Amino acid sequence: RNSGGGLGEAASSRSDESTASSPPRVAPLQNLRRIRSSSAPASVRKRHPLIEDHYRVDREKRVVLPGVPKQDEDFARDLHDFFNLIVLVPVVVLNIMNWNLEPLLDSEKKADIVDAWTGEWFDSFFQTTALYFVVDLVWVLLVPSCVKSPGTIIQHHIATLLYILIPYYYPEYRWIMGACMLVEINTWFLIARRVFNKQGFPPWVIDLPPFISIRVKLISIFFYTTWIGIRCVLYPIIFAVLFKLWLALSARLETKFNVLTIALTLQFIFCVLNFKWTGDLLLSKIRYWRRGGDSKIDKGL
């Protein structure tokens with residue numbers, strides 16, 4: 001009996017040891033999920049909202065805070081920012097040189113944006129713009145760390161390079177490129193907000209040094225003015241004019257699939273993105289104000 005009991009105890013002991021040493025069983029589906037989760041890149045596991053590139057964001061409260069994100073020393077980013085601030089100036093200036101606003105200011109004439117385009121400097125404007133986007137695209141491809149959202153920048157530049165081929169091959173639609181590229185004025189101020197305010201000062205605080213205060217306030221005013229005027233007003237106007245031209249061209253060619261179909265589609269996408277970004281920013285600001293942030297409403301921009 002003692003021998004039998006010893007064998008039973010030994011068997012029981014071995015069974016317990018085997019059970020204790022063996023890893024716990026995991027359901028196949030759960031195991032597969034763990035493998036996928038651990039193998040997924042960081043960019044897939046954690047999405048990076050585009051708004052965080054240019055605004056201070058409280059992720060827990062889902063609100064945009066006053067000021068811009070503080071910028072640490074980053075040579076790749078700073079060099080790329082200064083490149084944009086310098087090169088965008090001739091792009092914008094050459095664009096403006098192709099416009100004459102007198103027809104739009106004449107109340108007796110029923111002129112639209114097409115009538116204000118002269119195109120006198122289009123060749124120089126097109127070459128400078130195309131060169132800028134090609135160089136910037138290659139730059140981001142080679143040094144993706146120079147921007148926070150390289151994928152978005154790459155997609156935007158490719159779409160823009162394809163878009164500007166339309167006015168290049170169809171001179172009657174060159175005004176589209178000029179009107180759309182006015183958004184680079186807002187892009188300049190968007191970059192300037194970061195470059196000239198690396199400390200992340202809220203623009204409407206009172207106790208800033210005078211020079212910094214004026215600089216930050218002016219950039220903020222021009223940024224929001226051009227954002228609303230170009231992205232929220234001008235771009236829908238361009239879409240409306242394009243839609244009328246598309247209807248006329250479709251009737252003449254007896255097909256709705258023509259060159260303006262591409263332009264109309266891209267313009268619609270740009271309008272949707274502009275309104276989405278504007279809505280995201282506005283809703284975040286409203287949430288911040290309602291929760292009684294550190295600043296008043298007039299300081300929240």
| query | Mind checking whether some residue in the stretch 81-91 is polar (S, T, N, Q) and crowded, with 17+ Cβ neighbours inside 10 Å? | reply | yes
| Mind checking which residues of the stretch 112-145 are over 21 Å from the mean Cα position of the chain (by Cα), in a helix (DSSP H, G or I) and β-branched (Val, Ile, Thr)? | Ile113, Val114, Thr128
| note | Residue count, the stretch 92-102, condition buried (at least 18 other Cβ atoms within 10 Å of the Cβ) and either more than 30 Å from Val143 (Cβ to Cβ) or among the small types (Gly, Ala, Ser) (or both), comes to 2
| Residue tally, condition among the aliphatic types (A, V, I, L, M), surrounded by 12 or more Cβ atoms within 10 Å (Cβ to Cβ) and modelled with pLDDT under 95, over the stretch 103-138 | 5
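Quick grid of which residues meet (1) among the basic types (Lys, Arg); (2) more than 15 Å from Asn84 (Cα to Cα); (3) touching a helix residue (DSSP H, G or I) at 6+ places or on another chain (Cβ under 9 Å):
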| position | (1), (2), (3) |
| --- | --- |
| Glu108 | no, yes, no |
| Asp112 | no, yes, yes |
| Trp117 | no, yes, yes |
| Glu120 | no, yes, no |
| Ala130 | no, no, yes |
| Phe133 | no, no, yes |
| Leu137 | no, no, yes |
| Leu141 | no, yes, yes |
| Ser145 | no, yes, yes |
| Search result, residues across the stretch 142-184 that are in contact with a Pro (Cβ under 8 Å, 6 or more places away or on another chain) and free of Cβ contacts under 8 Å to residues at least 40 places away in the same chain | Pro144, Pro150
| task | Would you check if Val93 is within 28 Å of Asp81 (Cα to Cα), touching a Cys at 6+ places or on another chain (Cβ under 7 Å) and not aromatic (Phe, Trp, Tyr)? | result | no
| said: For the stretch 211-218, check the following and say yes or no: at least one residue is within 26 Å of Phe275 (Cα to Cα), touching a Leu at 6+ places or on another chain (Cβ under 8 Å) and surrounded by 14 or more Cβ atoms within 10 Å (Cβ to Cβ). | reply: yes
| request: Only residues in the stretch 252-281 that are among the charged types (D, E, K, R) count as the first member; pair them with residues that are assigned to a helix (DSSP H, G or I), Cβ under 7 angstrom, at least 6 apart or cross-chain, and list the lot. | output: Lys256/Ser250; Asp280/Ile51
| task | Return a yes/no flag: does the stretch 169-177 have any residue that is in a helix (DSSP H, G or I), at pLDDT below 95 and in contact with a Lys or Arg (Cβ under 7 Å, 6 or more places away or on another chain). | result | no
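The values are calculated or read from the model by the stated rules, or taken from the named source; none is laboratory data. Quantities reported herein were computed from a predicted structural model and do not represent experimental measurements. All Cβ positions, even for glycine, are placed from backbone atoms using ideal geometry, and neighbour counts span all protein chains on display.
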